[in-house]
Amino acid sequence: MAVTESRETRTLIAGEDLSSHQFRFVTLESDGQIDKADAAGERCFGIVENDPAAGGEATVVVSGKTRIVCGGTIAAGAQIQTDASGEALTAATGDVVMGYALEAGVDGQVIAMELIQGGNVVPA
């Protein structure tokens with residue numbers, strides 16, 4: 001069951017409408033605001049935990065145990081990256097690992113994951 005615990009959060013301004021982006025990856029932009037992750041395998045700032053409209057306060061988990069929406073089938077223990085919609089996929093070579101699946105999940109399911117700050121690139 002997907003739950004959160006021992007996580008670190010930040011509150012930032014949503015640079016775009018995140019009202020349908022809850023439990024998905026977000027990026028920190030040069031204007032200091034949070035936008036949707038929009039490129040598969042990119043480095044993300046964290047996972048938005050609430051559902052703010054543009055200009056609203058976004059609560060972003062930056063490390064710890066949190067929840068994420070799956071963009072495909074993920075095995076427990078798998079390294080996780082973002083897809084172009086901010087959902088979790090199993091990480092591939094050259095992509096940034098944002099954490100580890102704490103349980104298995106399928107497309108559209110919310111699962112628990114351990115989010116790591118900054119991410120690491122999957123080696124070749």
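The table below lists the values:
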| quantity | calculated |
| --- | --- |
| Residue within segment 90-105 that is of a type in the set (Phe, Trp, Tyr), part of a strand (DSSP E or B) and surrounded by 19 or more Cβ atoms within 10 Å (Cβ to Cβ) present | no |
| Matching residues in segment 72-83 - criterion: being assigned to a loop (DSSP other than H, G, I, E, B), surrounded by 17 or more Cβ atoms within 10 Å (Cβ to Cβ), more than 11 Å from the chain's Cα centre (by Cα) and not small (Gly, Ala, Ser) | none |
| In segment 106-117, the residues that are within 19 Å of ASP38 (Cα to Cα), surrounded by fewer than 14 Cβ atoms within 10 Å (Cβ to Cβ) and in contact with a Ser or Thr (Cβ under 9 Å, 6 or more places away or on another chain) | ASP107, GLN117 |
| Unique match (being over 16 Å from ARG7 (Cβ atoms), touching a Gly at 6+ places or on another chain (Cβ under 7 Å), outside any strand (DSSP E or B) and at pLDDT 95 or above) among ASP51, ASP31, ASP35 | ASP31 |
| Output for segment 55-71, where each listed residue is within 14 Å of the chain's Cα centre (by Cα) and part of a loop (DSSP other than H, G, I, E, B) | GLY71 |
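Quick grid of which residues meet (1) closer than 16 Å to GLY99 by Cα; (2) in contact with a strand residue (DSSP E or B) (Cβ under 6 Å, 6 or more places away or on another chain); (3) of a type in the set (Asp, Glu):
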{"residue": "GLN33", "(1), (2), (3)": "no, yes, no"}
{"residue": "GLY41", "(1), (2), (3)": "yes, yes, no"}
{"residue": "CYS44", "(1), (2), (3)": "yes, yes, no"}
{"residue": "GLY55", "(1), (2), (3)": "no, no, no"}
{"residue": "ALA58", "(1), (2), (3)": "no, yes, no"}
{"residue": "GLY64", "(1), (2), (3)": "yes, yes, no"}
{"residue": "GLY71", "(1), (2), (3)": "yes, yes, no"}
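The values are calculated or read from the model by the stated rules, or taken from the named source; none is laboratory data. Here the structure is a predicted model, which is why all the values come from computation and not from measurement. Here the Cβ is made from the backbone with ideal geometry for all residues, glycine too, and neighbour counts use every protein chain on show.
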